Structure formats: structure tokens, C-alpha cells
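Below: one structure, written as C-alpha cells.
The values are calculated or read from the model by the stated rules, or taken from the named source; none is laboratory data. Please read all numbers here as calculations on a predicted model, not as lab measurements. Don't worry about glycine lacking a Cβ; one is built from the backbone with ideal geometry, like all the others, and counts go over all protein chains shown. Only protein heavy atoms, including side chains, enter the accessible area calculation; ligands, DNA and RNA are left aside. Shrake-Rupley method; radii C 1.70, N 1.55, O 1.52, S 1.80 Å.
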Amino acid sequence: MSTPTPSTSAASREEWGRNVWALTYDELDVQSITRSVGDDGAGATVVFVGTTRNNFRGKVVTRLEYQAYSKLAMKTIAEIVRNAHDDSVKRATDSTSTSHLISCAVHHRLGTVPVGEASIVIAVSSPHREEAFVACEQILEGVKQKAQIWKREYYEGEDEEKAEWKANYS
């Protein structure tokens, strides 16, 4: 049983150049998201898939539920992606490397996410692996710490009505 969807927690998708970020109630298609950042000039594609695990601090997790203030979360994710691009260009300018990001995709689930399913998928392509890894981590940490997305963990044997909403970076 999940709680009703608040009107502020709406699916949304935006693009900037070859970059895309989305909030969705649909199951995340990791292969499709990965292909979306593909480019013949990319020597590296780094993908992070965050999944609902079956335990947390000794408790059995039965599912997660995500809600967002979607309008603001989408603006925040846009800023995070743009910052990753800007930082990539700055690192390339400050070194002998000409590596920079080619494309980024950030997809986050809303609603109920069962154990074993993806909650977030981040895919980043770049000419070289180092830049792709750095950007993927930067985007992940930015989304977890700044995006207006909250999760609710449900535990086996506990009253579902008492499940608490938590910040997404715990």
C-alpha cells in the first residue's frame, strides 16, 4: 500500500543539449538510459544504478517510496548537471587534458520502488574514463544532497502508518 501521490510530486522530463534529467513513476530502463548518452567520441560511459536494498540497519526493508517537489527538484537537477559540465570544462582547461563531458542522463523514480528495482540511474559519457567517473559521482552526490526528493522506507513487521519520510541522503 502506498500513500496518495501529492500534486507537487509529478513526473517530468527536461533536456539541455544532449543531457536529460527526469522524474518518473515508471520502472527505470537502465539499458535505454545508458544508450541515451552513447556517442562515437566517448571512450567511457559510466553508469550508476541505485537500487532498493532489502535491509537497513538490521531491519528488513520491504520497499521504498519517493516523493518530490518536482518543479524545484527539476531546477536543482538541471543546475547539478550544468555544474558538472562547467567543472569538467574547467578541469580540462586547468590541465593538459582536453577531456570533457559529452552527455549526462539522470533518471529518478517516484512512487513505490520494490526491493531490487532501480531508484536512480545516472549515465555519463566522456572521451576518457576519469572525467566520466568524477562527473557521475558529482551528479550523484549533488542529487542526493540538494534535490527536493524524499524517501520513505517500509520495514517488515512495522506499522506502515508510522513509516517516516527521510531526506534522500541518509
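Key figures
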read-out: Pair list, Cβ under 6 Å, 6 or more apart: region 57-80 residue without any contact (Cβ under 8 Å) to a residue 60 or more places away in the chain, other residue surrounded by fewer than 21 Cβ atoms within 10 Å (Cβ to Cβ) and in a helix (DSSP H, G or I); value: none
read-out: Search result, residues across region 27-42 that are more than 25 Å from His100 (Cβ to Cβ), touching a residue at least 12 places away in the same chain (Cβ under 8 Å) and either open to solvent by 30 Å² or more (accessible area, probe 1.4 Å) or small (Gly, Ala, Ser) (or both); value: Glu27
read-out: Condition check for Val81: surrounded by fewer than 17 Cβ atoms within 10 Å (Cβ to Cβ), β-branched (Val, Ile, Thr), touching a helix residue (DSSP H, G or I) at 6+ places or on another chain (Cβ under 7 Å) and modelled with pLDDT of 95 or more; value: no
read-out: Enumeration of residues in region 5-34 that are modelled with pLDDT of 95 or more and touching a Gly at 6+ places or on another chain (Cβ under 8 Å); value: Tyr25
read-out: Single match in Glu153, Glu161, Glu117, Glu131 (criterion: open to solvent by 60 Å² or more (accessible area, probe 1.4 Å) and of a type outside the set (Ser, Thr, Tyr)); value: Glu161
read-out: Only listed residue being more than 20 Å from Trp16 (Cα to Cα) and among the hydrophobic types (A, V, I, L, M, F, W, C), chosen from Ala105, Ala135, Ala92; value: Ala92
read-out: Hey, Thr45 part of a helix (DSSP H, G or I), of a type in the set (Val, Ile, Thr), surrounded by 14 or more Cβ atoms within 10 Å (Cβ to Cβ) and modelled with pLDDT of 95 or more or not; value: no
